[in-house]
Amino acid sequence: MIKTLSIAAILLAFTCNTTDENQPTDEQLAEETTDEVVVEEIKKLSSEDADFLVFYQSFVSAVESKNAENVNVFIDEVFGVYFIESNGAMPNFKRVNDVAKFKSIRDEQFFSLNFNQLNQQPVFEELPKIICDATPYDKQGCFAQKINPFANDEFWYYTDLNEKEKQAISVFAEKIDFTVVNTTVGKFYFTKNGDSWKIGFIDLRVPCEA
């Protein structure tokens with residue numbers, strides 16, 4: 001039942017408005033074909049993946065609304081969300097509980113960040129690998145996987161954060177449940193607390209750039 005509701009919710013997010021014309025246009029026919037493909041792909045997902053996809057689309061919609069209150073709903077009240085950027089050779093961590101208060105190291109506000117391709121539907125498969133060849137990744141697009149590659153990296157220990165902050169990040173990192181890699185936008189790490197997810201870390205660094 002849950003999976004059926006999830007599929008319905010996802011379709012609602014991806015389905016465009018139709019007109020009252022009796023005769024469908026070529027564009028409408030193409031959209032219907034796309035919807036059928038989406039349905040078939042969603043049916044292949046596990047119940048948990050389908051539920052996460054519904055959650056992720058809600059998160060994307062909140063970002064696209066450009067309303068901080070909508071986005072803040074997806075942030076853990078205790079831990080907040082950590083933004084990771086590149087500050088030369090050293091990663092820069094910035095924690096906020098309200099995205100309206102975020103400013104990047106380039107003085108950009110949250111809704112000014114490069115989120116143009118954020119609404120790509122993630123493919124549930126192995127995450128892309130960083131290859132630093134003609135492109136940073138070995139495949140392009142948006143990918144999701146129930147995996148936590150972040151916790152084992154422990155690269156926050158090589159920053160100028162104080163020890164208390166480093167320990168807090170270590171605890172929070174262990175809670176990561178799903179990882180989404182959008183090769184155009186960045187990496188998104190979602191933590192699990194009970195039956196719901198929260199956005200825990202947003203890694204805005206561009207691989208292979210110094």
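The values are calculated or read from the model by the stated rules, or taken from the named source; none is laboratory data. This one's a predicted model, so the numbers in the text were calculated from it and none came from an experiment. Because the Cβ atoms are built from the backbone with ideal geometry, glycine has one as well, and the counts that use them run over all protein chains shown.
At-a-glance table
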quantity	calculated
Top-ranked residue in the range 119-141 [being assigned to a loop (DSSP other than H, G, I, E, B) and among the aliphatic types (A, V, I, L, M); ranked as nearest to residue 179 (Cα to Cα)]	127
First in the range 161-183 and at negative phi and outside the structural domain of residue 198 (by TED's automatic domain parsing), second anywhere and of a type in the set (Ser, Thr, Tyr) and modelled with pLDDT under 95, Cβ under 8 Å, 6 or more apart	none
Residue count, the range 73-96 (criterion: over 14 Å from the mean Cα position of the chain (by Cα) and touching a residue at least 12 places away in the same chain (Cβ under 8 Å))	16
In the range 156-169, the residues that are of a type outside the set (Lys, Arg) and closer than 12 Å to residue 82 by Cβ	156, 159, 161, 165, 168, 169
Verdict on residue 192 being charged (D, E, K, R), surrounded by fewer than 20 Cβ atoms within 10 Å (Cβ to Cβ), assigned to a strand (DSSP E or B) and not assigned by TED's automatic domain parsing to the domain that holds residue 58	yes
Residue list for the range 163-183, filter: surrounded by 15 or more Cβ atoms within 10 Å (Cβ to Cβ) and either of a type in the set (Val, Ile, Thr) or part of a strand (DSSP E or B) (or both)	169, 176, 177, 178, 179, 180, 181, 182, 183
Filter pass, residue 52 being part of a loop (DSSP other than H, G, I, E, B), under 21 Å from residue 141 (Cα atoms), modelled with pLDDT of 60 or more and under 19 Å from the mean Cα position of the chain (by Cα)	no
In the range 79-114, residue surrounded by the most Cβ atoms within 10 Å (Cβ to Cβ) [restricted to those that are part of a loop (DSSP other than H, G, I, E, B), among the hydrophobic types (A, V, I, L, M, F, W, C) and in contact with a strand residue (DSSP E or B) (Cβ under 9 Å, 6 or more places away or on another chain)]	102
Residues of the range 17-42 that turn out to be under 19 Å from residue 120 (Cα atoms), out of contact with any Ser or Thr (no Cβ under 7 Å at 6 or more places or on another chain) and either modelled with pLDDT of 85 or more or surrounded by 11 or more Cβ atoms within 10 Å (Cβ to Cβ) (or both), as a count	8
